[in-house]
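Asker: Would you mind keeping the following structure in view while I ask a few things?
The values are calculated or read from the model by the stated rules, or taken from the named source; none is laboratory data. Worth saying up front: this structure is predicted, and the values here are computed from it rather than measured. Cβ: placed from backbone, ideal geometry, glycine included. Neighbour counts: every protein chain shown. To get the accessible areas, we keep the full protein, side chains included, count just its heavy atoms, and leave off ligands, DNA and RNA. Shrake-Rupley method; radii C 1.70, N 1.55, O 1.52, S 1.80 Å.
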Amino acid sequence: MQDNGTAKQVARWVALGALFLIPLAPLLVANTYFFPFITGKAFYFRILVEVAVAGWAVLAFLDREYRPRFSWVGMAVLAFVVWMFIADAFAPNAAKAFWSNFERMEGWVLLVHLLGFFFSASAVLRVEKKWRAWFLTSLGVSVAVSAYALLQLNGTYAIHQGSVRIDASLGNSAYLAIYLLFNVFIALWLALTEKYSWLKWSLIALAALEAVLIFFTETRGTVIGLVLALTLAAFLTLITASKRARGAAGGAAGGALVLILVLIGSFYIARDSNFVQNNRVLQRVSSISLSDGQTRFTIWRMAFQGVLERPLTGWGQEGFNYVFNKYYDPSLYAQEPWFDRAHNAFIDWLSAGGLPAFLLYLSLFGSAFMLLWKSSELSRPERIALTAALVGYAIHNIFVFDNLYSYVYFFAILALIDSQVARPIERFERMPELTATDGVTYALPIAAVAVFALVWSVNISGMQAATKLIKAISPSPAGIKANIAAFEDLARHPAFAAQEIREQLVSFAASVAQSSQTTQEEKQRVVSLAVSEMQKQVAAYPLDARARLQLSYAYRAAGDGANVLKEIQAAIVLSPKKESFWIEAGSVEWDMGNIKAAQTNFNTAYQLGPQFTDLAIYAAAGNFAVGDTATADKVLQSVFGTTNVDSDILAVAYYRAKNWSRLIALWKVRAAAPDAGVEKWFSLAAAYYAAGDTVNAAATIRAAIAKFPEAASAGADALKQIEGQ
């Protein structure tokens with residue numbers, strides 16, 4: 001090792017500074033960016049990794065101690081990232097596979113940054129002996145995150161996603177849960193090897209606090225992971241303690257193991273008790289069951305169907321939506337309309353990169369466990385704590401997909417293991433070290449230029465787009481023209497998240513088209529832009545059912561019914577079992593006056609999901625509208641047990657079919673409700689009037705006036721119209 005002077009010191013502090021800033025990312029919420037809890041953290045992480053890699057590269061040229069070393073875990077990480085490059089290149093939407101979108105900020109670009117983080121952290125933190133300091137820094141940040149969560153629990157701060165499951169500065173309860181799980185075991189690991197009593201007990205207290213907070217995230221997969229990982233840690237401590245230490249350590253571990261098992265058993269026995277059922281957190285945990293996971297099991301089956309079609313390279317990262325639409329199971333109708341993940345990280349990688357990616361992902365865990373227990377550099381408590389962390393993470397990943405900070409901690413632990421067990425690579429060791437002069441003259445300037453180029457090309461355009469999109473969808477002091485101009489600017493400079501931007505444009509255009517506060521010129525301008533941009537999206541990715549549906553929305557805003565129907569029908573071809581597509585098609589046919597076609601579409605949707613009540617209503621409405629009362633009544637009777645069902649959709653169908661008796665009966669029920677307002681009575685009168693029964697129409701208006709004197713003027717006008725006939 002040589003000194004290498006200024007260049008080495010600059011590179012060293014740059015690399016260390018960037019690596020030590022990475023743990024601060026969970027605190028960052030970029031409110032000026034689209035998806036503020038996701039995008040800000042991701043861009044921050046990417047930029048810091050690029051800086052860290054540049055600093056590490058300079059160090060590696062100056063000093064062979066920093067050069068990459070060989071380990072099987074390092075080989076597994078490298079092979080996994082390389083294979084996903086190949087798989088993403090063959091994806092139906094390769095651009096999205098590589099670059100992802102604002103909502104996820106993943107794709108291959110995240111993987112390659114994780115690879116850079118892995119190698120730079122492994123080398124720099126090994127040579128500088130800073131791994132413990134890095135993880136302590138991370139725990140320090142987790143204290144702030146936990147404090148935020150506690151303030152959410154007591155109502156000081158609002159919970160961002162929903163109203164009961166804490167999410168702190170991560171914006172998602174599941175993301176917070178896995179962040180806390182890693183920190184629980186990191187805190188225990190550091191506590192077990194800490195020589196200062198005050199710090200040891202502080203770390204144990206922090207681990208206990210964060211373990212409790214995991215329960216308040218109500219993320220059941222993580223709760224299972226935590227409990228099983230703690231059980232495993234106690235068991236491993238019990239069976240691996242040396243004879244000398246077995247007395248105290250074994251007794252403590254045995255006691256902990258018994259306590260955990262007793263608590264689990266007691267909770268299971270008391271799961272139906274009032275104490276558990278009246279506590280929201282405990283009730284949610286107690287609800288874990290196979291039947292409760294049917295939605296996930298269904299999605300997993302769909303994923304396996306997709307894998308059978310593309311077993312080698314899969315569908316690429318961010319490609320699960322193709323699987324979701326093509327193999328859609330109608331039982332998911334009541335769930336969210338779009339799933340972009342299988343909600344199982346192992347199946348996600350199987351779907352994204354085929355069988356090779358799945359095996360390589362498993363090899364990350366396998367090589368880590370193998371090297372952990374073969375290493376002489378890591379103490380027994382370290383091995384146990386890190387093993388428990390990885391096992392808890394793996395169990396969590398059976399039920400949830402990954403996010404930025406679960407990736408960061410996973411790769412940090414892999415890098416820690418690599419740094420402890422890797423051996424020098426002879427070819428790298430033989431390469432000469434740069435002199436101090438060359439370091440200053442060449443290495444540092446080249447690294448600086450490379451970092452600038454990377455940051456600019458990989459991050460800046462995306463950061464600008466994330467900011468511009470927020471401005472485009474937010475009310476502007478300059479009026480609607482400023483919003484339209486912002487969308488036009490985004491369209492002229494397409495970013496990696498073009499589909500998200502275009503979907504936001506469609507939503508914005510639809511609201512403008514219906515607004516009475518905008519001019520016809522403004523409506524035409526923004527709607528034309530929305531149609532044009534979604535046409536580009538569909539032209540680029542014609543097999544994306546979601547893009548087809550979004551284009552239909554743009555055409556709807558433009559009033560182009562024929563093209564609306566054309567795009568919905570194209571979406572149906574891509575996802576023939578998705579009931580909502582058939583309902584969309586039927587609604588368009590209905591509005592265009594093609595009632596027979598609407599009936600067919602509504603009945604198709606109902607046949608796919610006969611267990612869903614709103615599909616039954618649509619089917620009945622279609623049948624009523626064409627005069628097939630017998631079939632409509634059969635549908636209503638089978639689902640509701642009665643033919644007198646209160647529904648706006650049925651009310652329209654009765655009107656179209658001139659089924660006045662049913663329409664009058666429906667409005668009678670509504671008007672008789674204790675909280676019925678005057679508008680219900682007027683609507684009943686209108687039903688009588690439409691049926692030609694002016695006597696009952698007038699009587700209903702008079703009854704409404706008597707019940708609601710404030711409506712006397714409107715009632716008088718209605719009576720003039722009724723009695724003037």
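Asker: For segment 614-628, enumerate the residues that are assigned to a helix (DSSP H, G or I) and either surrounded by fewer than 16 Cβ atoms within 10 Å (Cβ to Cβ) or aromatic (Phe, Trp, Tyr) (or both). First the steps, then the outcome.
Answerer: Residues of segment 614-628 that are assigned to a helix (DSSP H, G or I), as a first pass: 614-625.
Scanning segment 614-628 gives TYR618, PHE624.
Asker: Taking into account only those residues within segment 656-697 that are more than 44 Å from the chain's Cα centre (by Cα) and among the charged types (D, E, K, R), which is farthest from PHE708 (Cα to Cα)?
Answerer: LYS658
Asker: Whether any residue in segment 630-640 is surrounded by fewer than 24 Cβ atoms within 10 Å (Cβ to Cβ), of a type in the set (Asp, Glu) and in a loop (DSSP other than H, G, I, E, B) is what I want to check.
Answerer: no
Asker: Among the residues of segment 63-76, write down those that are buried (at least 24 other Cβ atoms within 10 Å of the Cβ) and within 24 Å of ARG12 (Cα to Cα). Steps first, answer last, please.
Answerer: First, the residues of segment 63-76 that are buried (at least 24 other Cβ atoms within 10 Å of the Cβ): 66, 73-74.
Residues satisfying the conditions are TYR66, GLY74.
Asker: Report every pair of residues separated by at least 6 positions or lying on different chains whose Cβ atoms are under 6 Å apart, first residue within segment 478-496 and under 22 Å from THR39 (Cα atoms), second polar (S, T, N, Q) and surrounded by fewer than 17 Cβ atoms within 10 Å (Cβ to Cβ).
Answerer: Final answer for the pair search is ASN483/SER476; ALA495/SER461.
Asker: Still on this structure, I have one more. Based on this model, can you work out whether GLU723 counts as closer than 29 Å to TRP590 by Cα and open to solvent by 40 Å² or more (accessible area, probe 1.4 Å)? First the steps, then the outcome.
Answerer: Numbers: closer than 29 Å to TRP590 by Cα: no; open to solvent by 40 Å² or more (accessible area, probe 1.4 Å): yes.
Criteria not met by GLU723.
Asker: Now for a separate question. Can you tell me which residues in segment 514-528 are open to solvent by 30 Å² or more (accessible area, probe 1.4 Å) and part of a helix (DSSP H, G or I)?
Answerer: If the condition is that a residue be open to solvent by 30 Å² or more (accessible area, probe 1.4 Å) and part of a helix (DSSP H, G or I), then GLN520, GLU521, LYS523, GLN524, ARG525, SER528 are the ones that fit.
Asker: Residue under question is SER351, and the condition is that it be modelled with pLDDT of 95 or more, under 24 Å from the mean Cα position of the chain (by Cα) and not aromatic (Phe, Trp, Tyr); does it hold? Talk me through it step by step, then tell me what you get.
Answerer: Values: modelled with pLDDT of 95 or more: yes; under 24 Å from the mean Cα position of the chain (by Cα): yes; not aromatic (Phe, Trp, Tyr): yes.
Yes.
Asker: How do the helices (runs of 4 or more DSSP H) wholly within segment 31-117 filter down when requiring 1 or more residues that are within 30 Å of THR435 (Cβ to Cβ) and either basic (Lys, Arg) or in contact with a helix residue (DSSP H, G or I) (Cβ under 8 Å, 6 or more places away or on another chain) (or both): which remain?
Answerer: Working: elements: 36-62, 72-89, 94-99.
Counting at least 1 such residues, we get 36-62, 72-89.
Asker: Next up: Report yes if ILE417 is touching a helix residue (DSSP H, G or I) at 6+ places or on another chain (Cβ under 9 Å) and buried (at least 23 other Cβ atoms within 10 Å of the Cβ), otherwise no. If you could, list the steps in order and put the result at the bottom.
Answerer: Working: touching a helix residue (DSSP H, G or I) at 6+ places or on another chain (Cβ under 9 Å): yes; buried (at least 23 other Cβ atoms within 10 Å of the Cβ): yes.
Here the answer is yes, as ILE417 does meet what is asked.
Asker: Still on this structure: Go through segment 139-159 and count every residue that is surrounded by 17 or more Cβ atoms within 10 Å (Cβ to Cβ) and over 24 Å from the mean Cα position of the chain (by Cα).
Answerer: 1
Asker: When the residues of segment 643-688 are narrowed to those that are assigned to a loop (DSSP other than H, G, I, E, B) and either touching a strand residue (DSSP E or B) at 6+ places or on another chain (Cβ under 9 Å) or open to solvent by 50 Å² or more (accessible area, probe 1.4 Å) (or both), which ends up nearest to TRP590 (Cα to Cα)?
Answerer: Applying the first criterion (assigned to a loop (DSSP other than H, G, I, E, B)) to segment 643-688 yields 643-647, 657-659, 673-677.
Keeping just the survivors that are either touching a strand residue (DSSP E or B) at 6+ places or on another chain (Cβ under 9 Å) or open to solvent by 50 Å² or more (accessible area, probe 1.4 Å) (or both) gives 644, 646, 658, 674-675.
Values: ASN644: 22, ASP646: 20, LYS658: 16, PRO674: 33, ASP675: 32 Å.
Filtering first and then ranking leaves LYS658.
Asker: Which is β-branched (Val, Ile, Thr) and surrounded by 24 or more Cβ atoms within 10 Å (Cβ to Cβ), of VAL538, VAL564?
Answerer: Of the residues listed, the single one that is β-branched (Val, Ile, Thr) and surrounded by 24 or more Cβ atoms within 10 Å (Cβ to Cβ) is VAL564.
Asker: Is one or more of the residues making up segment 597-613 outside any helix (DSSP H, G or I) and either more than 32 Å from the chain's Cα centre (by Cα) or among the aromatic types (Phe, Trp, Tyr) (or both)?
Answerer: Pass one, segment 597-613, residues outside any helix (DSSP H, G or I): 609-612.
From what is left, the residues that are either more than 32 Å from the chain's Cα centre (by Cα) or among the aromatic types (Phe, Trp, Tyr) (or both) are 612.
Checking segment 597-613: at least one residue is outside any helix (DSSP H, G or I) and either more than 32 Å from the chain's Cα centre (by Cα) or among the aromatic types (Phe, Trp, Tyr) (or both).
Asker: Residue check, LEU434 against (1) in contact (Cβ under 8 Å) with a residue 60 or more places away in the chain; (2) surrounded by fewer than 21 Cβ atoms within 10 Å (Cβ to Cβ); (3) not in a helix (DSSP H, G or I), all met but one. Which one?
Answerer: So the condition that LEU434 fails would be (2).
Asker: Ok, one more. Quick check on this structure: which one of GLU309, GLU318 is touching a residue at least 60 places away in the same chain (Cβ under 8 Å) and acidic (Asp, Glu)? Walk me through how you get there before you give the answer.
Answerer: Values: GLU309 fails: touching a residue at least 60 places away in the same chain (Cβ under 8 Å).
Result of the check over GLU309, GLU318: GLU318.
Asker: Considering only residues of segment 160-171 that are open to solvent by 30 Å² or more (accessible area, probe 1.4 Å) and under 19 Å from ALA30 (Cβ atoms), which is modelled with the highest pLDDT? Please lay out each step first, then the result.
Answerer: Step one: filter segment 160-171 for residues open to solvent by 30 Å² or more (accessible area, probe 1.4 Å), giving 160-165.
Pick out the ones that are also under 19 Å from ALA30 (Cβ atoms) and you get 160-161.
On the way: HIS160: 87, GLN161: 77.
Among those residues, the one meeting the criterion is HIS160.
Asker: Then there is this: Quick one: is ARG280 open to solvent by 40 Å² or more (accessible area, probe 1.4 Å), modelled with pLDDT under 90 and within 25 Å of the chain's Cα centre (by Cα)? Can you show your working first?
Answerer: Working: open to solvent by 40 Å² or more (accessible area, probe 1.4 Å): yes; modelled with pLDDT under 90: yes; within 25 Å of the chain's Cα centre (by Cα): yes.
It is true that ARG280 is open to solvent by 40 Å² or more (accessible area, probe 1.4 Å), modelled with pLDDT under 90 and within 25 Å of the chain's Cα centre (by Cα).
Asker: Condition first: hydrophobic (A, V, I, L, M, F, W, C), surrounded by fewer than 17 Cβ atoms within 10 Å (Cβ to Cβ), at pLDDT below 80 and not in a helix (DSSP H, G or I). Can you find one or more residues in segment 228-246 that meet it?
Answerer: No.
Asker: Look through ALA453, ALA394, ALA412 and report the one residue that is under 26 Å from TRP131 (Cβ atoms), open to solvent by 10 Å² or more (accessible area, probe 1.4 Å) and either out of contact with any Leu (no Cβ under 8 Å at 6 or more places or on another chain) or not in a helix (DSSP H, G or I) (or both). Working first, answer last.
Answerer: Details: ALA453 fails: under 26 Å from TRP131 (Cβ atoms); ALA412 fails: open to solvent by 10 Å² or more (accessible area, probe 1.4 Å).
ALA394 is the lone residue from the list that is under 26 Å from TRP131 (Cβ atoms), open to solvent by 10 Å² or more (accessible area, probe 1.4 Å) and either out of contact with any Leu (no Cβ under 8 Å at 6 or more places or on another chain) or not in a helix (DSSP H, G or I) (or both).
Asker: Look through segment 292-317, keep the residues that are open to solvent by less than 20 Å² (accessible area, probe 1.4 Å) and under 16 Å from the mean Cα position of the chain (by Cα), and return whichever of them is modelled with the lowest pLDDT.
Answerer: ILE299
Asker: Okay, next question. If I filter segment 35-62 down to residues being open to solvent by 20 Å² or more (accessible area, probe 1.4 Å) and among the β-branched types (Val, Ile, Thr), which single residue comes out as nearest to the chain's Cα centre (by Cα)?
Answerer: Going through the qualifying residues, I end up with ILE38.
Asker: Tell me yes or no: at least one residue of segment 403-418 is touching a residue at least 24 places away in the same chain (Cβ under 8 Å) and farther than 25 Å from PHE20 by Cα.
Answerer: no
Asker: Quick one: how many residues across segment 334-363 are assigned to a helix (DSSP H, G or I) and buried (at least 19 other Cβ atoms within 10 Å of the Cβ)?
Answerer: As a first pass, look at segment 334-363 and keep what is assigned to a helix (DSSP H, G or I): 345-363.
Okay, now just the ones that are also buried (at least 19 other Cβ atoms within 10 Å of the Cβ), so 345, 347-354, 356-358, 360-361.
Of the residues in that region, 14 qualify.
Asker: So, one more: Give the number of residues within segment 77-116 that are more than 23 Å from the chain's Cα centre (by Cα) and open to solvent by less than 10 Å² (accessible area, probe 1.4 Å).
Answerer: 1
Asker: Still on this structure, I have one more. Between a first residue in segment 179-203 that is within 18 Å of ALA133 (Cβ to Cβ) and touching a residue at least 60 places away in the same chain (Cβ under 8 Å) and a second residue that is open to solvent by less than 50 Å² (accessible area, probe 1.4 Å) and not in a helix (DSSP H, G or I), which pairs have beta carbons less than 7 Å apart while being 6 or more apart in sequence or on different chains?
Answerer: Once the first residue is within 18 Å of ALA133 (Cβ to Cβ) and touching a residue at least 60 places away in the same chain (Cβ under 8 Å) and sits in segment 179-203, its partners that are open to solvent by less than 50 Å² (accessible area, probe 1.4 Å) and not in a helix (DSSP H, G or I) give THR193/SER379; LEU203/GLU194.
Asker: I would also like to ask the following. Looking at ARG662, ARG656, ARG702, which one is touching a residue at least 40 places away in the same chain (Cβ under 8 Å) and either touching a helix residue (DSSP H, G or I) at 6+ places or on another chain (Cβ under 8 Å) or of a type in the set (Phe, Trp, Tyr) (or both)? I'd like the intermediate steps shown before the answer.
Answerer: On the way: ARG662 fails: touching a residue at least 40 places away in the same chain (Cβ under 8 Å); ARG702 fails: touching a residue at least 40 places away in the same chain (Cβ under 8 Å).
From the options ARG662, ARG656, ARG702, the qualifying one is ARG656.
Asker: Sort out which residues of segment 694-707 are of a type outside the set (S, T, N, Q) and crowded, with 17+ Cβ neighbours inside 10 Å, and write them in order of number. Working first, answer last.
Answerer: From segment 694-707, those of a type outside the set (S, T, N, Q) are 695, 697-699, 701-707; that's our starting set.
The answer is ALA697, ALA698, ILE701, ALA704, ILE705.
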